[in-house]
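Beneath this line is the structure, given in structure tokens, with notes to follow.
The values are calculated or read from the model by the stated rules, or taken from the named source; none is laboratory data. The structure displayed is predicted, hence computed values, not measured ones. Ideal geometry is used to build each Cβ from the backbone, glycine not excepted, and the neighbour counts take in all protein chains shown. These accessible areas exclude ligands, DNA and RNA; they are computed on the full protein's heavy atoms, side chains included. Shrake-Rupley method; radii C 1.70, N 1.55, O 1.52, S 1.80 Å.
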Amino acid sequence: MATRTLPGFEPDQEPASLDACRRCPLWKDATQAVPGAGPRHAPLMIVGEQPGDQEDLQGKPFVGPAGAMLDRALEEAGVERKKVYVTNAVKHFKWEPRGKRRMHKTPAQREIDACHYWIEKETGKIGPKVIVALGATALKSVLQSSGAKLQASMGHAIEHDGRVVVATYHPSFVLRAPDPESREKAYRAIVEALREAHKLIG
Ligand code: URA
């Protein structure tokens, strides 16, 4: 059966660089692509969803409010951020205008799939022993499964492709939590997952 390529998608493109990536249309509205950051052979890789407003402007992952929350959780879990490779499932900021603000929009599965090309390259280059997936988008990308469910995947390590995957909430979920109690619960879950990942790298 012939497959139809969606407008704006070039799923077979093998870009010379991340900035030249046109595998999906998200590059059009983004300031720049945001690559992962961290040591070349970090045993621990953390995967988020996509760059936010600040990350899009600065070209670095997790430098905005979600990044501050992640930094706090890493510190509490006893993990040094400078020893971790931090990246995102999708490398361009997907947003929609609301007044003067750029509001985050969750990436579609076809965008996660298109960008998996880069996650695969990063995973191959860094060779992490353990990957922490922050939120459902990251989990779908890391497990290469559009049906991956965050809740069902939390609380236990998952063997995937010769690596260990630990799933937890995205820090933005903590920031958006409706009350202090659920905020604290979600934050604790992230700290616990980071602690567990740290233990697993030995
Ligand atoms: N949220 C993410 O998932 N990644 C970032 O880099 C920033 C916010």
Note to self: Please enumerate, by chain and number, the lysines with C-alpha under 25 Å from the C-alpha of residue 60, excluding those fewer than 8 residues away in the same chain.
What the structure shows: 28, 82, 83, 91, 94, 100, 105, 121, 125, 129, 140
Check: Which loop-located GluC sites (Glu not before Pro) does segment 52-115 contain, where loop means any DSSP state but H, G, I, E or B and the Cβ has at most 15 other Cβ atoms within 10 Å?
Finding: 80
Next item on the list: May I ask for the distance between the Cα centers of segment 44-96 and segment 130-202, given as a whole number of Å?
Entry: 14 Å
Item checked: segment 21-201 - percent relative contact order, Cα under 8 Å, separation 6 or more -> 25 percent
Next item on the list: Choose one answer from 171, 61, 11: the residue with the largest mean-square fluctuation in a GNM of the chain with alpha-carbon springs under 10 Å.
Entry: 11
Notebook entry, point to check: Assuming a viscosity of 0.890 mPa s and a temperature of 25 °C, what translational diffusion coefficient in µm² per second does Stokes-Einstein assign to segment 29-114, Rh being the Kirkwood radius over Cα pairs?
Noted result: 181 µm²/s
Next item on the list: Divide the volume of the convex hull of the Cα atoms of the chain by its number of residues and quote the answer in cubic angstrom per residue.
Entry: 133 Å³
Notebook entry, point to check: Which whole-number value in Å³ per residue fits the convex hull of the alpha carbons of segment 122-198?
Noted result: 92 Å³
Margin query: Using a probe radius of 1.4 Å on heavy atoms only, what accessible surface per residue do you get for the chain? Whole Å² is fine.
Written below: 53 Å²
Margin query: Need the list of aspartates and glutamates near residue 185 for cross-linking: C-alpha distance under 19 angstrom, and skip anything on the same chain fewer than eight residues off.
Written below: 71, 75, 76, 196
Notebook entry, point to check: So, with a 1.4 angstrom probe, what is the percent of accessible area on segment 21-201 that is carbon and sulfur?
Noted result: 52 percent
Margin query: For residue 199, what accessible surface area do you get with a 1.4 Å probe? Give it in Å², rounded to 10.
Written below: 150 Å²
